[in-house]
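Worksheet: one structure, shown below.
The values are calculated or read from the model by the stated rules, or taken from the named source; none is laboratory data. The structure displayed is predicted, hence computed values, not measured ones. All Cβ positions, glycine included, derive from the backbone under ideal geometry; neighbour counts span all protein chains shown. Areas reflect the complete protein model, heavy atoms only, side chains present, ligands, DNA and RNA absent. Shrake-Rupley method; radii C 1.70, N 1.55, O 1.52, S 1.80 Å.
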Amino acid sequence: ARITEKQRTPSRAVDLPVSAYGVFERSPEEYLRIYEIGYPSLGEEKAREAREYESLEEVGAADFGTAMHSLLERIDFRNPHAKIEQYVQEIFGLFPEEAGREAHRLLEGFIAGPLFAKIQKAKCVYRELPFVLGERHGRVNGVLDLLFQDQFGAWHIVDYKTAFGDPAKVQEARYDLQVALYAVAVYKLLGAAPQSAVLCFLKNQWNHEINFDPASLAQWEGRLADLQTAILDYRQSLVRC
């Protein structure tokens, strides 16, 4: 069958998850591999292949992170120590014992921190909250790890990371962009600008907080539009090659 020029020309719309934009900004080649071709990163591929482990070192970061998110989704913020042992056993039962111990350590560190204390006083808390935004050049989808309204009525986003965190890591991975797009979504869905987004790095209990207002969110949305245009142009350049 003959492929027409119309069939070869990519659509002038992008439907991508939030994570794709940070990857594209960091490395268009990596974006192409993961989001256009559909080939996973090396770490993700190892995580898919390995499901039984003999040591914590063999546990893929993706697998451990997914399990840790499941654990955080189940804990009771009002009574955080209730059923912790049960949840760790249920979620990390197929992992080596040291993985369960590490998960318990990370969770206890989080519970002891100031962010957890703030969440405990919240008026309302939403976990694993999916969203879809209809933007100028296509849809953007994602899932918020945690959205809560504090005792004073302000909204806050929390994004869990199971890695070690520092300012260089935030910059390298474009995490500021990721949580800013979450904040844009919250603003559009609630009609109120979230006060902050917190990247919570569990390995070293380090939090990176970004504050927002309507003006800054408009700038972030403009950056999103520019990235969508850049991705569309990048797709078009691949067709011409």
Filtered residue count, the range 128-148, keeping only those that are under 17 Å from Gly65 (Cα atoms) and open to solvent by less than 40 Å² (accessible area, probe 1.4 Å): 4
Candidate set: the range 98-127, residues that are out of contact with any Asp or Glu (no Cβ under 6 Å at 6 or more places or on another chain) and in a strand (DSSP E or B); chosen: the one surrounded by the fewest Cβ atoms within 10 Å (Cβ to Cβ): Cys124
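Would it be correct to say that Val125 is β-branched (Val, Ile, Thr) and touching a His at 6+ places or on another chain (Cβ under 8 Å)?
Answer is no for this residue.
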Top-ranked residue of the range 185-204 - restricted to ones that are crowded, with 17+ Cβ neighbours inside 10 Å and either on the phi > 0 side of the Ramachandran plot or assigned to a loop (DSSP other than H, G, I, E, B) (or both), ranked as nearest to the chain's Cα centre (by Cα): Leu202
Of all residues making up the range 214-241, the number that are surrounded by 15 or more Cβ atoms within 10 Å (Cβ to Cβ) and among the β-branched types (Val, Ile, Thr): 1
Counted residues, the range 164-174 - those being touching a residue at least 60 places away in the same chain (Cβ under 8 Å) and open to solvent by less than 40 Å² (accessible area, probe 1.4 Å): 1
Subset of the range 129-183 [in a helix (DSSP H, G or I) and of a type in the set (D, E, K, R)]: Lys169, Glu172, Asp176
First in the range 26-39 and without any contact (Cβ under 8 Å) to a residue 24 or more places away in the chain, second anywhere and surrounded by fewer than 15 Cβ atoms within 10 Å (Cβ to Cβ), Cβ under 7 Å, 6 or more apart: Arg33/Tyr39; Ile34/Pro40; Ile34/Ser41
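Under the condition of being of a type in the set (A, V, I, L, M) and open to solvent by 30 Å² or more (accessible area, probe 1.4 Å), which residue from the range 60-90 is farthest from the chain's Cα centre (by Cα)?
Ala82
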